[in-house]
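Read the structure below first, then the notes.
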Amino acid sequence: MSKFVTLSSGSSGNCSFIEHKGVKILIDAGFSGKKIEGLMEKVGEKASDLDAIFLTHEHNDHVQGAGVLSKRFNIPIYANAGTWKGFSKKAKRLKEENIKIFKTNEFLNFKSMDILPIAIHHDANEPCGYVFYLGNKKVTILSDTGLVDEKMAYEIKGSDVYYMEANHDLEALKIGPYPYNLKLRVMGNMGHLSNDQSAEALADALVGKEEYVFLSHLSDTNNTPELSRLTVDNYLTKMGLDTNKDIKLEVCERYEPSKIVEL
């Protein structure tokens, strides 16, 4: 059996959980260690049972609690060299054996999981998304990217679960309170996916089998859960995809776990 749940997701913090054949991991740890422990308890899990933490990049809303959890429960942390370069300044005195470095765009095997870290487009040292192969199931983690290029689109296509960024509504961002330079950063190719960009990427990736979509990393200033869901739902429907039948569309909660998916 495999299980996926987003423990919490938004511009203030991100953390997801995957289990496959008893192997339990976090993808990102963007809250305090104590907060993450509490979120895990809400879905019937314990941080002390984690086998690893996988990081997408070194920004604080993705790594805040990783070092604490690693030291508290002796958990290895996996990241590429660029992410480690940025993260090591925030998490000192980690055990050497818990520092695990992989190469982006190269498969790695972790216990029962085959994992492909894929290069993405964000203003971090070496950001990546992940495609997890869990037996005959496939889970995509794709957040904090300004665009979805052809290689990314190829690798994520046909997943059973998509954790997909839908950070902002473009018009809300343009007329919103952010300084001009920050607006340019968010909407740029090294920023974040808009609702429309997320919808387009999903329409290309979904194949019409039973698929779960979790819209993630929503801005609390330039987006709303309702607007994000409506934008993506309308576009997928326009493209002939049925979000009332085969495709299960959810918006991640900002401070609470999402629906648990068992595969």
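No lab work stands behind these numbers, since they all come straight from the coordinates. A quick note: this is a predicted structure, and the numbers were derived from the prediction, not measured. All Cβ positions, glycine included, derive from the backbone under ideal geometry; neighbour counts span all protein chains shown.
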Dipole of the chain, positive direction: furthest Cα of Asn223, Val63, Val251, with charges on the beta-carbon: Val63
Amide proton proximity set for Phe110, modelled H, under 5 Å, gap of 5+: Ile115
Theoretical FRET efficiency, 1/(1+(r/R0)^6), r = Cβ-Cβ of Arg93 and Glu256, R0 35 Å, to 0.05: 0.65
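In the chain, once you exclude exposed chymotrypsin sites (Phe, Trp or Tyr not before Pro) (DSSP loop, at most 16 other Cβ within 10 angstrom), what's the longest stretch remaining?
For chymotrypsin sites (Phe, Trp or Tyr not before Pro) (loop position, at most 16 other Cβ atoms within 10 Å), the longest site-free span of the chain is 108-254.
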Flagged links, alpha-carbon separation over 24 Å, of Lys35/Lys71; Lys90/Lys151; Lys138/Lys248; Lys35/Lys138; Lys46/Lys151: Lys90/Lys151; Lys35/Lys138; Lys46/Lys151
Pairwise centroid distance, computed over Cα atoms, of segment 75-132 with segment 190-262, Å: 26
Counting DSSP beta bridges with both ends in the chain, the antiparallel % (nearest 5): 55
Helix-derived mean residue ellipticity, 222 nm - over the chain, DSSP H n ≥ 4, -39500 (n - 2.57), to 500: -8000 deg cm²/dmol
